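The values are calculated or read from the model by the stated rules, or taken from the named source; none is laboratory data. Computed from a prediction, not measured in an experiment: that's the story for all the values here. Don't worry about glycine lacking a Cβ; one is built from the backbone with ideal geometry, like all the others, and counts go over all protein chains shown.
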Amino acid sequence: MKQQILLIDDDPVINFIHSKIIRKKFPDVPLLIFENGHKALAHLKSNPVNSYLIFLDLNMPELDGWGFLKAMSLDYKGIDSQVYVVTSSVDPVDKMRAKRYDQVLSFLIKPLKADDLEKIPFVL
């Protein structure tokens with residue numbers, strides 16, 4: 001089983017910053033960046049046997065983080081994934097809503113920090 005890291009966010013500046021931080025922690029794991037949930041779901045559909053560490057923004061055009069999580073919980077249950085919501089939202093309602101999804105392991109505030117990654121138990 002191959003492992004991949006998916007960064008799903010529509011902000012190119014955030015993607016640049018986050019990719020630098022993620023590559024420092026996981027230099028040997030392929031990192032793929034998607035600007036919306038549709039593109040990420042298409043990748044999951046065509047690569048269902050991989051193991052995924054997913055960093056997911058909530059507010060994006062086309063298919064936002066909530067739509068992505070809903071699709072994963074309905075249509076992609078068998079995919080090995082660990083999802084970390086990474087958002088600028090500090091709304092406690094968003095945090096509670098994210099906890100309803102089994103795949104979501106944590107709710108992190110943008111931007112990601114190296115310390116955030118130290119707490120991630122992604123087995124390589």
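Things worth noting here:
- Note on the range 33-66: residues that are under 16 Å from LEU108 (Cβ atoms) and among the small types (Gly, Ala, Ser) amount to 1.
- Search result, residues across the range 90-124 that are touching a strand residue (DSSP E or B) at 6+ places or on another chain (Cβ under 8 Å) and small (Gly, Ala, Ser): ALA98, SER106
- The set of residues from the range 1-38 being without any contact (Cβ under 8 Å) to a residue 24 or more places away in the chain and among the charged types (D, E, K, R) comprises LYS20, ARG23.
- Residue that is nearest to PRO121 (Cα to Cα), among those in the range 50-105 that are buried (at least 17 other Cβ atoms within 10 Å of the Cβ), of a type outside the set (Phe, Trp, Tyr) and touching a residue at least 60 places away in the same chain (Cβ under 8 Å): LEU53
- Filtered residues of the range 36-80 (kept if acidic (Asp, Glu) and within 22 Å of LEU117 (Cβ to Cβ)): ASP57, ASP80
- Inclusion of PRO111 among residues that are more than 22 Å from VAL29 (Cβ to Cβ) and in contact (Cβ under 8 Å) with a residue 40 or more places away in the chain is not warranted.
- Residue check, ILE17 surrounded by 18 or more Cβ atoms within 10 Å (Cβ to Cβ) and at pLDDT 95 or above: no
- Just one residue in the set ASN47, ASN36 is surrounded by 17 or more Cβ atoms within 10 Å (Cβ to Cβ) and closer than 26 Å to LYS2 by Cβ; that residue is ASN36.
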